[in-house]
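Notes follow the structure.
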Amino acid sequence: MDSELKEEIPVHEEFILCGGAETQVLKCGPWTDLFHDQSVKRPKLLIFIIPGNPGFSAFYVPFAKALYSLTNRRFPVWTISHAGHALAPKDKKILTTSEDSNAQEIKDIYGLNGQIEHKLAFLRTHVPKDMKLVLIGHSIGSYFTLQMLKRVPELPVIRAFLLFPTIERMSESPNGRIATPLLCWFRYVLYVTGYLLLKPCPETIKSLLIRRGLQVMNLENEFSPLNILEPFCLANAAYLGGQEMMEVVKRDDETIKEHLCKLTFYYGTIDPWCPKEYYEDIKKDFPEGDIRLCEKNIPHAFITHFNQEMADMIADSLKDDLSKM
């Protein structure tokens, strides 16, 4: 019954130009244009998901659907891709707004700073200023979320969930020690290898490989993320990853302190990107904060098998806030 319910949930796919970069936005619910909707039925709140790296928004569709159902289908749940991590199919129109057309292109948009500005640019041009926001950042998306709050503290964010948050000491984590030399020192070898292997590969073969991979990872393929094997997108993901290793070092305690009342941190017990000691450190420094340790052995990449569990946790945490909307 539950799976049938999720299948009925409308998900609208758009490709837009945001900050000069093609961007995929997946919109869960019947609302596709909040900016120009002046009707009384327009929702008062948007749940906005910022993915990890690679920032393939299609991976988060089951999670978004589960969350949309659990919040009684009252609020839109949108997921945005990272800049440069999604390319529109040849037959897909790329939408633009007058605001974005007149805006300056974001410098180094595929890098760490550019990705933060990319998300802020989207909110400026596609979401009304008075619309309340619930931000959900996963992995490096948690870092982006904190930086968005820091740069634009007037954002009407009522809650922000930082899931398996890579917000500090990334290169020192177990996975970071492996990824740092690959992403920072051998990046160009990865680029060349990717282009040589994947560029000549026929689309039918890529689609077959992706479908098989999605089945193994237990991911729905309602919006087939062909970009997984697109050299341009993989190169941008590696470029962003390299900057993460070099720049995500010190936890931003000042921003955390300023926004602590609206933040929920969710750490894993088996997470090689942000090990348990990172949870213990932040819990010690902010004992009054809503800082949780997973008790269900959910992995860092929760979108493979644990969408429902994570959606349950967030929906339960939001009950009081949403009851006032």
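Summary of computed values
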quantity	calculated
Restricting segment 86-118 to residues that are of a type in the set (Asp, Glu) and at pLDDT 90 or above, the residue that is nearest to residue 135 (Cα to Cα)	117
Checklist (1) surrounded by 16 or more Cβ atoms within 10 Å (Cβ to Cβ); (2) out of contact with any helix residue (DSSP H, G or I) (no Cβ under 6 Å at 6 or more places or on another chain) applied to residue 149, failing item	(2)
Pair list, Cβ < 6 Å and 6+ apart or interchain, from segment 251-273 residues that are buried (at least 21 other Cβ atoms within 10 Å of the Cβ) to residues that are part of a strand (DSSP E or B)	263/160; 265/162; 265/291; 266/163; 266/292; 267/293
Qualifying residue in segment 287-298 (condition: modelled with pLDDT of 95 or more, in a helix (DSSP H, G or I) and among the acidic types (Asp, Glu))	no
Residue 29 at pLDDT 90 or above and under 24 Å from residue 84 (Cβ atoms)	no
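The values are calculated or read from the model by the stated rules, or taken from the named source; none is laboratory data. Worth saying up front: this structure is predicted, and the values here are computed from it rather than measured. Glycine also receives a Cβ, built like all others from the backbone with ideal geometry; neighbour counts cover every protein chain displayed.
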